[in-house]
1. Residues of the range 26-36 being out of contact with any Leu (no Cβ under 7 Å at 6 or more places or on another chain) and surrounded by 15 or more Cβ atoms within 10 Å (Cβ to Cβ), which ones?
2. Residues that are of a type in the set (A, V, I, L, M, F, W, C) and in contact (Cβ under 8 Å) with a residue 12 or more places away in the chain: list the helices (runs of 4 or more DSSP H) wholly contained in the range 139-229 that include at least 3 such residues.
3. Here is a list: Leu83, Leu150, Leu146. Which entry is at pLDDT 95 or above and crowded, with 22+ Cβ neighbours inside 10 Å?
4. For the range 6-19, indicate whether the set of residues that are among the β-branched types (Val, Ile, Thr), buried (at least 17 other Cβ atoms within 10 Å of the Cβ) and within 13 Å of Ser236 (Cα to Cα) is non-empty.
5. Within the range 119-132, how many residues are out of contact with any strand residue (DSSP E or B) (no Cβ under 7 Å at 6 or more places or on another chain) and buried (at least 17 other Cβ atoms within 10 Å of the Cβ)?
6. Going by the conditions given, is Lys247 within 16 Å of Ala7 (Cβ to Cβ), in a helix (DSSP H, G or I) and among the basic types (Lys, Arg)?
7. Restricting attention to the range 70-80, which residues are surrounded by fewer than 14 Cβ atoms within 10 Å (Cβ to Cβ) and in contact (Cβ under 8 Å) with a residue 24 or more places away in the chain?
8. How many residues, within the range 93-118, are surrounded by fewer than 16 Cβ atoms within 10 Å (Cβ to Cβ), assigned to a helix (DSSP H, G or I) and without any contact (Cβ under 8 Å) to a residue 40 or more places away in the chain?
Amino acid sequence: MRTKIVAGNWKMNKNLDETEALLSELSAKLPDTHAEVIVAPTFLNLVAAQTSLQSSAIKVAAQNMHFAESGAYTGEISADMLLNIEVDTVIIGHSERRSLFGETDDLLAKKTKTALDKGMTVIFCFGEELEDRKSGNHFAVVESQLKNALFDLDNSAWNNIVLAYEPVWAIGTGETASPEQAQEMHAFIRKTIAEAYSTSIAEEVSILYGGSVKPSNAVEIFSKPDVDGGLIGGASLKADDFTAIIKAI
């Protein structure tokens, strides 16, 4: 049975005091759930988050990492640095890393391989832009992103991969992705993996939806058979909203 996951990507939000306050509130309000709950604060507050959540079921993830073990990469963070503070899950390929920082499929493939070689879990993000959706090229774009970054991996690597589909066109554009569109793409993703690897691998990988999930739409989105949870942005910064989304799964 696939793992249900609700992950909160905090992006460049929350200072130390705000981080500790939000985590305290989340821990107190965390509902009973069979889902895995993850939060990804800024690098600066990962240690504080780990300390705050010692007695909580909530896991901590990093928002990014470099592919090199060490070296002259000013401002970067390595897998070993994350593992040293017991953070073993990392988000790779977020749409903002791709669009704002120019991260390519080749670079993301290197990051993913390093993380997996280190025994980490990768939440791998991908998804099409608005022009791709309007031109009807969305399936081809998603297939290309998956193949270029992940399809050289061994079968066993998929035990440590979580996929997060982000329809970039539905985030902050005024456009809306329906639960049916989410299901359609998730089913396509699973079919693509089955064709490249096997049906069993495709059926076992968790695929999260990252298109502006909110308390008002979470139940309907999560009810779709190929949607295994969500990668949550803004709603994860408010304890009541995030816990409502966790309850929805």
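1. Hits for the range 26-36 are Leu26, Leu30, Thr33, Ala35, Glu36.
2. Those helices (runs of 4 or more DSSP H) span 179-196, 218-222.
3. Leu150
4. For the range 6-19, residues among the β-branched types (Val, Ile, Thr), buried (at least 17 other Cβ atoms within 10 Å of the Cβ) and within 13 Å of Ser236 (Cα to Cα): present.
5. 3
6. In short, yes.
7. To start, the set of residues in the range 70-80 that are surrounded by fewer than 14 Cβ atoms within 10 Å (Cβ to Cβ) comprises 70-75, 80.
Of everything in the range 70-80, just one residue is surrounded by fewer than 14 Cβ atoms within 10 Å (Cβ to Cβ) and in contact (Cβ under 8 Å) with a residue 24 or more places away in the chain, namely Asp80.
8. Qualifying residue count, the range 93-118: 3.
The values are calculated or read from the model by the stated rules, or taken from the named source; none is laboratory data. It should be emphasised that the depicted structure is a prediction, and the values quoted were computed from it without experimental measurement. Quick reminder, even Gly has a Cβ in these numbers, built from the backbone with ideal geometry, and neighbours come from all protein chains shown.
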